[in-house]
There are 2 protein chains.
Amino acid sequence: MEQVFSYEHLSTFTEEVFIKIGCPQDQARLAATVLLSADLRGIDSHGVARLSGYVRLWEAGRINATPDIRIVHESPSTAVVDGDSGLGLVVAPFAMQVAISKAQTAGTGWVSVRNSNHFGIAGYHAMKALEHDMVGMAMTNASPLVAPTFATERMLGTNPIAVAIPAKEQPPFVADFATTTAANGKLEILQRKQQEAPLGWIQDKVGIPSSNPNELKSGGALLPLGGDREHGSHKGYCLGAIVDIFSAVLSGANYGPWAPPFVSFLPLPPDPVGKGLGHFFGAMRVDAFRPADEFKEHMDTWINRFRSAETVAGQEKVLIPGDPEREMEADRRISGIPLLEPVVKDLGEVAMKFKIDF
Amino acid sequence: MEQVFSYEHLSTFTEEVFIKIGCPQDQARLAATVLLSADLRGIDSHGVARLSGYVRLWEAGRINATPDIRIVHESPSTAVVDGDSGLGLVVAPFAMQVAISKAQTAGTGWVSVRNSNHFGIAGYHAMKALEHDMVGMAMTNASPLVAPTFATERMLGTNPIAVAIPAKEQPPFVADFATTTAANGKLEILQRKQQEAPLGWIQDKVGIPSSNPNELKSGGALLPLGGDREHGSHKGYCLGAIVDIFSAVLSGANYGPWAPPFVSFLPLPPDPVGKGLGHFFGAMRVDAFRPADEFKEHMDTWINRFRSAETVAGQEKVLIPGDPEREMEADRRISGIPLLEPVVKDLGEVAMKFKIDF
């Protein structure tokens, strides 16, 4: 039940859609590149499958296709960027570039963003630092779906953290993960396949652990990384909270349960505590700590040592963060991107709406 | 089987011991304050129970009581500090102060440290930023005890992360957690009580999940936060790895399995890749992002909203990171610090060795 499309085909289509909602061409192209980086890297839930969601947010007047993205506060190593309700896919690259520029002069750069929308995958933005021999970081808050330890209320998003670190001969270290046991995308796959979820991923509306992947639709919640108190869910809650505060309280965006939902059919919370969604970006020049070549040689040693660690029976090797996504991208650039039937249908409807080919 | 001692008694004793090993008086006092902050905050495994361990490291020639702690590399917002094999309890406050000073001029400060030793609890150092209206961060690598996902080898320490964030009327947000499912100290308690550990904390030497808390002594390993692949242990592995790289690869300390062991009876790895243990500190001036008062008011709103979230049956309230430790400290400053019999005996032996009273 999958159809395979070339990257180029999906990219051109996505760019056309963003042009149709009024984005300037260069921003439409950038937004398409950022969105499709998720499909290339195998994070299918955050890629072109969300395109119709962005369109509906624009139709609901929650996305400004021609935003005036600007720095509203700064210091030598920091800035706050206001995204003017633009696509996160465009606001985030702007903000990450500010972080990189700050790092070029101050050693590091840290940018908190308000008044934005969903920015695709965090890893794309963190990786922009690599070409400058910098460590890159990206995080974002998101629609509230996660209950803190001991809570039944959904107070936090899946709030991902991405960290990209350059190496020399080895490919870079790229961690990119939701601060929940499992990302919401994984749950959606189980819903589609009508399969049970492992205990520790979700709880029902009164806070009892559940294996029903549809629990989220009846008042349940995703669980912080750790799953339960005994297995450290308070640590996952801490991580999600830190992402929320760095992204939204530092910048003046909406935090916690006030974070605006991605789906347009849910109303915005009536009593906003800030503007839009928040992100946080960091860039650290490696040679602000030690010579870049020396650092990168040691990263090669680090990576080689971990990759060659003894494995448990049945596992071929220990993975370095970024390995699976890089292999997926190499494959999909050649063999194409498989899309599920409902996604294909959804994109067909978007094409009809804007009278363009798909 | 516990004896209770006043904070003042333990503090004076600890300071005397550090003076006996040759620390200058001000550094001995500082080291005692840092070490005992763990006992006050209820993290008993990292406090005075470790004093004899520090003494044995000094006896083994691995701790320099009169270190020349210095900045060896810097940029406007960064520095690398060489701890000259000093007590981490003294090196870390120096480095955190550098981070705070950098933040005062550049907005943020980031300090990676090499050639250090164990620094007590990460939270103590992160919290130093609070009095300056800054967000504080502290992390450290540590003796290798943790197997990455799919590995049987112990490649990482419990590598804690602490983040302290100031509020206005509310007490600060203080997260401080090991990047494993459970800290090693919790395992030691189970060993002492001869109780089983929950599955997901440890694995045996071939990588099979185990509930035997003694598994670590027979080649087993602690597990990254998440516990197993299905519950996101690769995310805990990412976190531990990031702490290791920021602390030790950025600074030029020993990383991964090369991190020097805390216990003096284990030999140092024969082929070091750097100097000593590594730490990483950060300080971000809140008003480098938005007016400090505005930020702190929103932190109050954040904290109040999360504290009042609906709870699962049987739980009184949702905790804010730092709540349990702060309550513990308030109690122990008045009613004293309980020490287990083996710890009391151990401290008695240290007193005998240095011919001082305990």
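The values are calculated or read from the model by the stated rules, or taken from the named source; none is laboratory data. What you see is a predicted model; the values in this text were computed from it and never measured. Quick reminder, even Gly has a Cβ in these numbers, built from the backbone with ideal geometry, and neighbours come from all protein chains shown.
Could you grab me the full set of residues in segment B:8-25 that are surrounded by 17 or more Cβ atoms within 10 Å (Cβ to Cβ) and part of a helix (DSSP H, G or I)? Walk me through how you get there before you give the answer.
Pass one, segment B:8-25, residues surrounded by 17 or more Cβ atoms within 10 Å (Cβ to Cβ): B:10-11, B:13-21, B:23.
B:LEU10, B:SER11, B:PHE13, B:THR14, B:GLU15, B:GLU16, B:VAL17, B:PHE18, B:ILE19, B:LYS20, listed by residue number.
Conditions (1) within 14 Å of another protein chain (Cβ to nearest Cβ); (2) of a type in the set (Phe, Trp, Tyr); (3) within 25 Å of B:THR33 (Cβ to Cβ), marked per residue:
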site	(1), (2), (3)
B:PHE280	yes, yes, yes
B:LYS296	yes, no, no
B:MET299	yes, no, no
B:ALA313	yes, no, no
B:LYS355	no, no, yes
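Contact map, segment B:1-12: first residue under 15 Å from B:ALA49 (Cα atoms), second residue of a type in the set (Lys, Arg) and modelled with pLDDT of 95 or more, Cβ cut-off under 8 Å, separation 6 or more or different chains; pairs are B:TYR7/B:ARG332; B:TYR7/B:ARG333.
When the criteria are applied in full, B:VAL243 fails the requirement of being hydrophobic (A, V, I, L, M, F, W, C), crowded, with 23+ Cβ neighbours inside 10 Å, in a strand (DSSP E or B) and at pLDDT 95 or above. Scan segment B:332-342 for residues that are surrounded by 13 or more Cβ atoms within 10 Å (Cβ to Cβ), modelled with pLDDT of 95 or more and more than 12 Å from B:HIS9 (Cβ to Cβ) and the total you get is 3. For segment B:278-335, name all the residues that are in a loop (DSSP other than H, G, I, E, B), small (Gly, Ala, Ser) and more than 21 Å from the chain's Cα centre (by Cα). Listed by number, the residues that qualify are B:SER308, B:ALA309, B:ALA313, B:GLY314. If you scan segment B:209-238, which residues turn out to be more than 8 Å from chain A (Cβ to nearest Cβ), in a loop (DSSP other than H, G, I, E, B) and either at negative phi or buried (at least 22 other Cβ atoms within 10 Å of the Cβ) (or both)? B:SER211, B:ASN212, B:PRO213, B:ASN214, B:GLY220, B:LEU223, B:ASP228 - these are the residues of segment B:209-238 that are more than 8 Å from chain A (Cβ to nearest Cβ), in a loop (DSSP other than H, G, I, E, B) and either at negative phi or buried (at least 22 other Cβ atoms within 10 Å of the Cβ) (or both). Of all residues in segment A:25-43, at least one satisfies being at pLDDT below 95 and either closer than 18 Å to A:HIS118 by Cβ or among the hydroxyl-bearing types (Ser, Thr, Tyr) (or both).
For A:LYS128, state whether it is in contact (Cβ under 8 Å) with a residue 12 or more places away in the chain, of a type in the set (Lys, Arg) and within 14 Å of chain B (Cβ to nearest Cβ). Criteria not met by A:LYS128.
Tell me whether segment A:26-39 contains one or more residues that are outside any helix (DSSP H, G or I) and either touching a residue at least 40 places away in the same chain (Cβ under 8 Å) or buried (at least 21 other Cβ atoms within 10 Å of the Cβ) (or both).
Initial filter on segment A:26-39 (outside any helix (DSSP H, G or I)): none.
No, segment A:26-39 has no match at all.
The set of residues from segment B:248-273 being of a type outside the set (D, E, K, R), farther than 20 Å from B:PHE150 by Cβ and within 11 Å of another protein chain (Cβ to nearest Cβ) comprises B:ALA248, B:VAL249, B:LEU250, B:SER251, B:GLY252, B:ALA253, B:ASN254, B:TRP258, B:VAL273.
Just one of the numbered conditions (1) more than 14 Å from chain A (Cβ to nearest Cβ); (2) without any contact (Cβ under 8 Å) to a residue 60 or more places away in the chain is not true of B:LEU347: (2). Annotation note: of A:LEU57, A:LEU51, the sole residue that is crowded, with 17+ Cβ neighbours inside 10 Å, under 17 Å from A:ALA351 (Cα atoms) and in contact with a His (Cβ under 9 Å, 6 or more places away or on another chain) is A:LEU57. Cβ-Cβ distances below 7 Å connect the following pairs, each with a first residue in segment A:134-162 that is closer than 25 Å to A:LEU87 by Cβ, a second residue that is assigned to a strand (DSSP E or B) and basic (Lys, Arg), and a separation of six or more residues or different chains: A:MET134/A:ARG285.
Out of the residues in segment B:191-207 meeting the condition of being under 17 Å from A:HIS231 (Cα atoms) and out of contact with any Lys or Arg (no Cβ under 9 Å at 6 or more places or on another chain), tell me which one is surrounded by the most Cβ atoms within 10 Å (Cβ to Cβ). Step by step, filter segment B:191-207, then rank; the result is B:ILE202. Of all positions in segment B:298-314, none carries a residue that is touching a Ser or Thr at 6+ places or on another chain (Cβ under 8 Å) and within 30 Å of B:VAL4 (Cα to Cα). Only a single criterion out of (1) over 30 Å from B:ALA99 (Cβ atoms); (2) in contact with a Gly (Cβ under 8 Å, 6 or more places away or on another chain); (3) of a type outside the set (A, V, I, L, M) is not satisfied by A:THR78, namely (1).
Of everything listed in (1) within 13 Å of chain B (Cβ to nearest Cβ); (2) in contact (Cβ under 8 Å) with a residue 60 or more places away in the chain, the single unmet condition for A:LYS317 is (2).
Please verify whether B:GLU327 is touching a strand residue (DSSP E or B) at 6+ places or on another chain (Cβ under 8 Å), more than 14 Å from chain A (Cβ to nearest Cβ) and exposed (fewer than 15 other Cβ atoms within 10 Å of the Cβ), treating the condition exactly as stated.
Numbers: touching a strand residue (DSSP E or B) at 6+ places or on another chain (Cβ under 8 Å): no; more than 14 Å from chain A (Cβ to nearest Cβ): yes; exposed (fewer than 15 other Cβ atoms within 10 Å of the Cβ): yes.
No: the conditions fail for B:GLU327.
Among residues of segment B:218-238 that are more than 15 Å from A:GLY236 (Cβ to Cβ), those with a beta-carbon under 9 Å from a residue that is of a type in the set (D, E, K, R) and in a helix (DSSP H, G or I) at least six positions away or on a different chain give the pairs B:ALA221/B:GLU215.
If you check A:ASN159 against the conditions, is it more than 10 Å from chain B (Cβ to nearest Cβ), surrounded by fewer than 24 Cβ atoms within 10 Å (Cβ to Cβ) and within 12 Å of the chain's Cα centre (by Cα)? Judged against the criteria, A:ASN159 is not a match. Quick check, is A:ILE189 assigned to a helix (DSSP H, G or I) and farther than 23 Å from A:ASP44 by Cβ? Spelling it out, it is not the case that A:ILE189 is assigned to a helix (DSSP H, G or I) and farther than 23 Å from A:ASP44 by Cβ.
Just the residues that are away from chain A (no Cβ under 12 Å) and surrounded by 17 or more Cβ atoms within 10 Å (Cβ to Cβ), please, taken from segment B:171-184.
So the first thing to find is which residues in segment B:171-184 are away from chain A (no Cβ under 12 Å), and the list is B:171, B:184.
Passing the criteria: only B:ASN184.
For segment B:42-61, the set of residues classified as touching a Ser or Thr at 6+ places or on another chain (Cβ under 8 Å) and over 24 Å from B:LEU187 (Cβ atoms) consists of B:GLU59, B:ALA60, listed by residue number.
Taken together, the residues in segment A:68-98 that are acidic (Asp, Glu), within 14 Å of chain B (Cβ to nearest Cβ) and surrounded by fewer than 21 Cβ atoms within 10 Å (Cβ to Cβ) amount to 1.
Do we have B:LEU340 as touching a residue at least 40 places away in the same chain (Cβ under 8 Å), touching a Lys or Arg at 6+ places or on another chain (Cβ under 8 Å) and under 19 Å from B:ALA49 (Cβ atoms) here? If you could, list the steps in order and put the result at the bottom.
Numbers: touching a residue at least 40 places away in the same chain (Cβ under 8 Å): yes; touching a Lys or Arg at 6+ places or on another chain (Cβ under 8 Å): yes; under 19 Å from B:ALA49 (Cβ atoms): yes.
Answer is yes for this residue.
Only residues that are surrounded by 24 or more Cβ atoms within 10 Å (Cβ to Cβ), within 14 Å of chain A (Cβ to nearest Cβ) and more than 16 Å from B:TYR255 (Cα to Cα) were counted across segment B:99-124, and they come to 11.
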